[in-house]
Amino acid sequence: MSNSATAEAVLALHRFGMGPRPGSIAALGSDPRGALIAELDRPLGLSAAASLPTSAKAYRTVADANARRTARAKQAQQQAKKQQMASAASADQAQAQPDGQAQGYGQEKDAAEMAAKQAADAIPDPGRPIYLQEAKLRTEAALAAEIGFAERLVWFWSNHFCISANKIQSMSGAYEREAVRANTLGRFVDLLLAVEGHPAMLFYLDNLESMGANSIAGINRNRGLNENIAREIMELHTLGVRTGYTQDDVISFANVMTGWTLVPPGADPQHGGEFTFNPRLHEPGGQTVLGKRYEQEDVEQGRAVLRDLAAHPATATHVAAKLARHFVADEPPPVLVEQMAKTFRDTEGDLKLVAIAMVSSDEVWRAAPAKLKRPSEWGVGMVRATGITQIDPVLYTGGQQLLGEPLWRPSAPKGYPDDEASWIDGVGRRLDVANNFAERIVGMVDPQAIIEDVFASQIASEVKQAVGRAESRQQALALLFMSSDFQRR
Amino acid sequence: MGVVNHLPTRRELLAGSGALFAWSQMPRIARAEGRDPRLLVIVLRGALDGLGAVAPVGDPDWVALRGDRALVLDGKPPALPLDAFFALNPAMPNLHRLYRSGKAAIVHAVATPYRERSHFDGQDVLESGMSKPGVTASGWLNRALLALESGGGVDPRGSRALGIGSVTPLVVRGSAPVMTWVPQRLLPASEDTQSRLLDLYQHTDPKLATVLQARMKLASLGGAPGTGDPMSDDPTLAPPGIARVRAYFAEAAGTAARYLAKPDGPRVGAMGFVGWDTHIAEGAVSGQLYNLLGALDGAFAAIETNMGEAWKETVVAVVTEFGRTARINGTQGTDHGTGTVAFLIGGGLAGGRVIADWPGLKPAQLFEDRDLKPTTDLRAVLKGLLRDHLRVDEKVLADAVFPGSADVKPMGGLVG
């Protein structure tokens, strides 16, 4: 393998994959571009996903636990109150001092609340273990992938169509599997329909509470529209901000989306938590969005708008630019963006072909490895380099939180940013995490072996020197993980 | 990320999850005598500058050797007098108090048998108890525990050693089972690691260099000892300065003490503190080393407090792989050396003295004209503690615990 092919393999692994791991450079062979493309032909499932609950099942499990917590708390509170009344009665009989009585009453009220809380806490929240198991499988898929290009695409689309586990923890992992992963290498329109129709997204962007002002429920309950999902779909998911849609378009589209909701978990033990279209919430009549009239009367109205948004030229440009910014550079070459947007338009949004267009462009191989990795990419790259393939999800997600990119918990629907300015100040925290990780693995990983075997010595000579002169193996590993070769791609 | 269970062994999994072992055995040592002694070993990794910690202020060559970086009795802040000859770094008021009440002793000009200057080999010799590196994968403390077990000195149902940290220190590794506990706090990278990384960035990545430099400056601003409550330090929010190091040391040592103090807890334990490799800007009087010694002093206080009633039966031995050069180097630090100090503290100690056969500081008196010459074998100190405190048989000490040390006699009179 020639030196330039090796260098291109390293670049391919950093820029488009999850980072080099033992054996990966050799596996890419003399044709890294071809290897990237070949990876997209392999199935993109999670091997152990069958052991995980569906999003609806996870949601029902948590809802059920919540219901039991509430019931237990109520029961315990009532019991404590009964006891309190009994003891107050006996105190009256004994003609206790008024002061003492008042004090005793306050204490018993507290005791009732405490009993309620204790009773509730006795039933643990099942949402967290589900979240952790999902995190473990997702991370280990990234660690096990030979290159990780397809996994990176999953991560990209998951962030593009983000939800937050802070709002809906139980479904956060299943949402990614069911809506994002399943459509990552398919057509954009199918991905869009899957995510916007997923209960997790409808929950996250407040569509469950949205109802048409003239719908049956809207009239009965004197309530109405929530514009959140309509605006974010146009601004963040498809067209992009300032691409010509108006406030009227947002309102009309929000009306279109009314009725997109989920089956209440208590109402249906089989299907609770699944998507449903509820006509009682839906604003009757046709709507005009972006100058086009939609006369459908049901869920098809929303699907039709989403299909048109997916096919809109502004969406092609928005998506192409965001992909290029994520993979290649904060300011990607306009030529590249146009090539990718054209592929998107010409193929009706075939996302696999858009990804292939990206790695086939000479532009992406010319750009210097200057892009600062996001903490999630850097972290997984560090672990991959050591050959470790299994994680403790409590510690791993804790590390991600420390680095400012907690898994599935972005602070806003825009998702995590992709520019250097947002992340560079966190480099100091990376040092603490690298140092801590190095301490844990110091007995089993040789920094020289990582440089020579994993990176095929494609590391700056200054880094090799610093590693060679380090005072300890831990320090050597920390310096290696913190080097530009690990941080930038 | 600091976040992986890499080996499928029970111990590693527990270490990785930060959990503490539950244990049921009662490893009573020397129980026949009605005693229940505890021994905690703290390894200072990176090589402590013994002269920067305990200065020979009575030596006429001292100030000439270190110049304005020498600890002196009329310095700012003044060194804490120990006796007519030695004075303690002012960062360590707790140690000074313990010393004055007879509950601390300092051994000076001490070293293991290792005479090269590699950290890893030096620590290997220090912890394995062998006279050369790379001989065995077990530590002297673990073998001492085994010896007690076979000799009936511990409860035959099993003994346990405690290891603190995500990597169990070699000194407690071995056939006797080890329970581990990992502090929840993230110990920040040492100043030395940060300096080296900054140097690397300055040559390869100016933007990252700027960020790292700003962070180091921030840390130094918040880094004065005594500012803020180290126990309220939130690892996710605080700047990575000495406050976090103090909090980490106190938590790790304090937790070790809590478990050693339990009636059914382990009786010996070990932990390591990193960061003592002060090549650049050592700062014995008011910098890096001063801060680290202050953090160590805080750890002593946490141990004393958390040991509670068991404090009177406790001995803590604080050791390091070797010392540092007697002279300051070209970057206001010190390089790898030989002779150094060991701190001994605890309610079980007969202290209140500096134990030293002082070699002097004239060029000809230095080891290879650069390091403090070692005049006391650290193994003599450790053997003395193991014999008189834990009651390990002297012959076993010479054969199994510190093999090949028959001519190194245990130091008597260390415990009261």
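A residue that is modelled with pLDDT under 90 and either within 30 Å of B:SER286 (Cβ to Cβ) or of a type in the set (Phe, Trp, Tyr) (or both) occurs nowhere in the range B:96-106. Determine whether A:ILE163 is modelled with pLDDT of 95 or more, farther than 24 Å from A:ALA58 by Cβ and open to solvent by less than 10 Å² (accessible area, probe 1.4 Å). For A:ILE163, the condition - modelled with pLDDT of 95 or more, farther than 24 Å from A:ALA58 by Cβ and open to solvent by less than 10 Å² (accessible area, probe 1.4 Å) - is not met. Among the residues of the range B:254-281, the ones that are away from chain A (no Cβ under 14 Å) and under 26 Å from B:HIS336 (Cβ atoms) come to 2 in all. Whether a residue is open to solvent by 10 Å² or more (accessible area, probe 1.4 Å), among the aliphatic types (A, V, I, L, M) and out of contact with any His (no Cβ under 9 Å at 6 or more places or on another chain) was assessed, and A:LEU431 does not pass this test. Looking at (1) within 29 Å of B:ARG258 (Cβ to Cβ); (2) crowded, with 21+ Cβ neighbours inside 10 Å, which is the one condition that is false for B:TRP311? Only one criterion in (1) within 29 Å of B:ARG258 (Cβ to Cβ); (2) crowded, with 21+ Cβ neighbours inside 10 Å is unmet by B:TRP311, namely (2). Every condition in (1) more than 30 Å from A:ALA476 (Cα to Cα); (2) open to solvent by less than 10 Å² (accessible area, probe 1.4 Å); (3) not aliphatic (A, V, I, L, M) holds for A:SER360 except the one numbered (2).
For the range A:289-317, a residue qualifies if it is touching a helix residue (DSSP H, G or I) at 6+ places or on another chain (Cβ under 9 Å), open to solvent by 30 Å² or more (accessible area, probe 1.4 Å) and not in a loop (DSSP other than H, G, I, E, B), and the qualifying residues are A:LYS292, A:ARG303, A:ARG307, A:ALA311, A:PRO313, A:THR317. Residue check: B:ASP83 meets all listed conditions (1) buried (at least 23 other Cβ atoms within 10 Å of the Cβ); (2) modelled with pLDDT of 90 or more; (3) not small (Gly, Ala, Ser) but one, namely (1). Within the range A:410-421, the residues that satisfy the criterion of being open to solvent by 20 Å² or more (accessible area, probe 1.4 Å) and more than 14 Å from chain B (Cβ to nearest Cβ) are A:SER411, A:ALA412, A:PRO413, A:LYS414, A:TYR416, A:PRO417, A:ASP418. Out of A:LEU191, A:LEU208, one residue alone is in contact with a helix residue (DSSP H, G or I) (Cβ under 9 Å, 6 or more places away or on another chain) and closer than 18 Å to A:VAL250 by Cα. It is A:LEU208. Residues of the range B:36-61 that are surrounded by fewer than 19 Cβ atoms within 10 Å (Cβ to Cβ) and under 25 Å from the mean Cα position of the chain (by Cα): B:ASP36 alone. Among the residues of the range A:370-390, the ones that are crowded, with 23+ Cβ neighbours inside 10 Å and either facing chain B (nearest Cβ under 7 Å) or assigned to a helix (DSSP H, G or I) (or both) come to 11 in all. Residues that are open to solvent by 30 Å² or more (accessible area, probe 1.4 Å) and either touching a His at 6+ places or on another chain (Cβ under 9 Å) or part of a loop (DSSP other than H, G, I, E, B) (or both) within the range B:379-414 comprise B:ARG391, B:ASP393, B:PRO403, B:GLY404, B:ALA406, B:ASP407, B:LYS409, B:MET411, B:GLY412, B:GLY413, listed in sequence order. Of the candidates A:ALA182, A:ALA213, the single residue that is among the hydrophobic types (A, V, I, L, M, F, W, C), open to solvent by 40 Å² or more (accessible area, probe 1.4 Å) and not assigned by TED's automatic domain parsing to the domain that holds A:LEU290 is A:ALA182. Of all residues in the range A:391-404, those that are more than 7 Å from chain B (Cβ to nearest Cβ) and surrounded by fewer than 20 Cβ atoms within 10 Å (Cβ to Cβ) have Cβ atoms under 8 Å from Cβ atoms of residues that are of a type in the set (Ser, Thr, Tyr) and assigned to a loop (DSSP other than H, G, I, E, B), 6 or more apart or on another chain, in A:GLN401/B:THR236.
Among the residues of the range A:345-363, count how many are assigned to a helix (DSSP H, G or I) and touching a strand residue (DSSP E or B) at 6+ places or on another chain (Cβ under 8 Å).
1
Take the conditions (1) within 30 Å of A:ALA254 (Cβ to Cβ); (2) without any contact (Cβ under 8 Å) to a residue 40 or more places away in the chain; (3) out of contact with any Pro (no Cβ under 9 Å at 6 or more places or on another chain); A:ASP362 misses just one of them, which is (1). Taken over the range A:440-482, the criterion of being crowded, with 24+ Cβ neighbours inside 10 Å and within 7 Å of chain B (Cβ to nearest Cβ) is satisfied by A:ARG440, A:GLN475, A:ALA478, A:LEU479, A:MET482.
Working only within the range B:278-302, note down all residues that are assigned to a loop (DSSP other than H, G, I, E, B) and in contact with a Leu (Cβ under 8 Å, 6 or more places away or on another chain). Hits for the range B:278-302 are B:THR278, B:GLU282, B:GLY283, B:ALA284, B:VAL285. Scanning the range A:258-309 for residues that are more than 30 Å from the chain's Cα centre (by Cα) and β-branched (Val, Ile, Thr) gives a single hit, A:THR288.
The values are calculated or read from the model by the stated rules, or taken from the named source; none is laboratory data. Bear in mind the structure is a predicted one, so any value in this text is a computation, not a measurement. Heads up, the Cβs are rebuilt from the backbone with ideal geometry, glycines too, and the neighbour counts pull from every protein chain shown. Side chains are part of the model used for accessible areas, which takes the heavy atoms of the whole protein and leaves out ligands, DNA and RNA. Shrake-Rupley method; radii C 1.70, N 1.55, O 1.52, S 1.80 Å.
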